[in-house]
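J.: Can you read through this structure? Questions will come right after.
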Amino acid sequence: MDFAEAREVFCRPRTGAVGDGSAPATPARRLRDAVEPLAMVTVWSDPAAEESGAAGLDFLGGYVGGRASVLGDVDGAVVAAAFAVFEPGLVGGLWDQARATCPVADLRALRERAGATALRTVLADVGEADVDGVVETLRTGLDGADLMGRPLFAGMSRLPWPTETHGRLWHAVTLLREHRGDAHVAACVAAGLDAVEANVLTELWVGFDLLEYTSTRGWSTEAMDAGIARLRERRLLEGTGAGTRLSAEGRRARDAVEEATDRAQQPVVDALGTDLERIVPVLETWSEAVVARGWFPPDPYKRAAG
């Protein structure tokens, strides 16, 4: 898949509230949503496409190769375990292709360059505020971040901080993203969910149609049908066909996963303290500029699902 094809699939605008809109976002979730487009410019931006193309990688190869590079020169199964919700053979194969095309150290470097270049470009357009100050505040929050059970965060945290301002911003928001993402995977495992089941609960919780999101993760029809059947056996789904939705128990189960993920982020929120209310609006403004430039999908469902 090249970048144009990926944008055609994922970058379609959509209107409508995420979820049922009955509960306000928690501080942990607000921080997560504010940093998502900033961290993921290394997937969706023109600089990412240019860096990946120059290295001989397409869209998916660049995504998997860049994000997994923090784990080191590991087997594809390790990458699949960390990525969690993707079909393991797909992720493992993409990782093998990426590291055969480009040394792991180079995959890390091109990802950092893409992040720094993209954020420098976007923030110049919007009249950036004190980027260094925001980074230092985010680093204060990261002082509360624990490594336990967080492979992608741990790998990222052991890389040297970039010296350039926008590279440091990208590094900080990516650490926050991976810290929450690893915690979310752990919450899904603790809830007794496998990868397909976690995908289905999330897509219906966000507002996607059944399998609209899960099918983009490389799963076969048979695997997805089996996952849906298991969720029905647990009475987490109700309705049939296109009318399939979360049951009351299914919503409680998915809400519990989100609450567990938030609890795992609470040390970061606590470390930020009152600064969180100051920096989240700044990060949101910068992220909206990323979306407006076309360097992150405009679909609010995609932003909520990760």
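The values are calculated or read from the model by the stated rules, or taken from the named source; none is laboratory data. Every value quoted in this text rests on a predicted model; they were computed, and no experiment measured them. Note: ideal-geometry Cβ built from the backbone for every residue, glycine included; neighbour counts use all protein chains shown.
J.: Within the group Ala114, Ala124, which residue is modelled with pLDDT of 95 or more, part of a helix (DSSP H, G or I) and not charged (D, E, K, R)?
T.: Only one candidate qualifies: Ala114.
J.: Could you list all residues from region 156-175 that are out of contact with any Gly (no Cβ under 6 Å at 6 or more places or on another chain) and under 16 Å from Thr140 (Cα atoms)?
T.: Ser157, Trp161, Arg168, Leu169, His171, Ala172, Val173, Thr174, Leu175
J.: State whether one or more residues within region 233-249 are in contact (Cβ under 8 Å) with a residue 60 or more places away in the chain and either in a loop (DSSP other than H, G, I, E, B) or closer than 26 Å to Pro88 by Cα (or both).
T.: Within region 233-249, not a single residue is in contact (Cβ under 8 Å) with a residue 60 or more places away in the chain and either in a loop (DSSP other than H, G, I, E, B) or closer than 26 Å to Pro88 by Cα (or both).
J.: Would you pick out the residues in region 127-163 that are in contact with a Lys or Arg (Cβ under 6 Å, 6 or more places away or on another chain) and either part of a helix (DSSP H, G or I) or at positive phi (or both)?
T.: Scanning region 127-163 gives a single hit, Val135.
J.: Then there's this: Taking only region 186-207 into account, find how many residues are out of contact with any Ser or Thr (no Cβ under 8 Å at 6 or more places or on another chain) and either touching a residue at least 40 places away in the same chain (Cβ under 8 Å) or surrounded by fewer than 19 Cβ atoms within 10 Å (Cβ to Cβ) (or both).
T.: Number of matching residues: 15.
J.: Right, here's the next one. If you go through region 255-282, how many residues are without any contact (Cβ under 8 Å) to a residue 24 or more places away in the chain, of a type in the set (Ser, Thr, Tyr) and in a helix (DSSP H, G or I)?
T.: 0
J.: Okay, next question. Keeping to region 49-60, report how many residues are in a loop (DSSP other than H, G, I, E, B) and either of a type in the set (Val, Ile, Thr) or crowded, with 22+ Cβ neighbours inside 10 Å (or both).
T.: 1
J.: Also: Are any of the residues in region 215-227 under 18 Å from the mean Cα position of the chain (by Cα) and of a type in the set (Phe, Trp, Tyr)? Show your work before the answer.
T.: Applying the first criterion (under 18 Å from the mean Cα position of the chain (by Cα)) to region 215-227 yields 215-218.
Add one more test, that the residue is of a type in the set (Phe, Trp, Tyr), and what stays is none.
Checked against the condition, which is being under 18 Å from the mean Cα position of the chain (by Cα) and of a type in the set (Phe, Trp, Tyr), region 215-227 yields no hits at all.
J.: So if I check each of Asp96, Asp33, which one is closer than 24 Å to Tyr301 by Cβ, of a type outside the set (A, V, I, L, M, F, W, C) and part of a helix (DSSP H, G or I)?
T.: Details: Asp96 fails: closer than 24 Å to Tyr301 by Cβ.
Going through Asp96, Asp33 in turn, the sole match is Asp33.
J.: Whether any residue in region 176-187 is over 21 Å from Val35 (Cβ atoms), out of contact with any Lys or Arg (no Cβ under 7 Å at 6 or more places or on another chain) and at pLDDT 95 or above is what I want to check. Outline the logic, then answer.
T.: Within region 176-187, the first condition is being over 21 Å from Val35 (Cβ atoms), and the residues that meet it are none.
No, region 176-187 contains no residue that is over 21 Å from Val35 (Cβ atoms), out of contact with any Lys or Arg (no Cβ under 7 Å at 6 or more places or on another chain) and at pLDDT 95 or above.
J.: Another one. Could you tell me whether Leu210 is in a loop (DSSP other than H, G, I, E, B), surrounded by 18 or more Cβ atoms within 10 Å (Cβ to Cβ) and in contact with a Leu (Cβ under 9 Å, 6 or more places away or on another chain)?
T.: The answer is yes for Leu210.
Condition check ((1) surrounded by fewer than 23 Cβ atoms within 10 Å (Cβ to Cβ); (2) of a type in the set (Lys, Arg); (3) touching a residue at least 60 places away in the same chain (Cβ under 8 Å); (4) under 17 Å from Thr174 (Cβ atoms)) across all residues:
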position	(1), (2), (3), (4)
Ala39	no, no, yes, yes
Trp44	no, no, yes, yes
Pro47	yes, no, yes, yes
Gly62	no, no, no, yes
Leu71	yes, no, yes, yes
Arg99	yes, yes, no, no
Leu107	no, no, no, yes
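J.: Here's another thing I want to ask about it. For Thr165, indicate whether it is more than 14 Å from the chain's Cα centre (by Cα) and within 15 Å of Ile279 (Cβ to Cβ).
T.: When the stated conditions are applied, Thr165 does not pass them.
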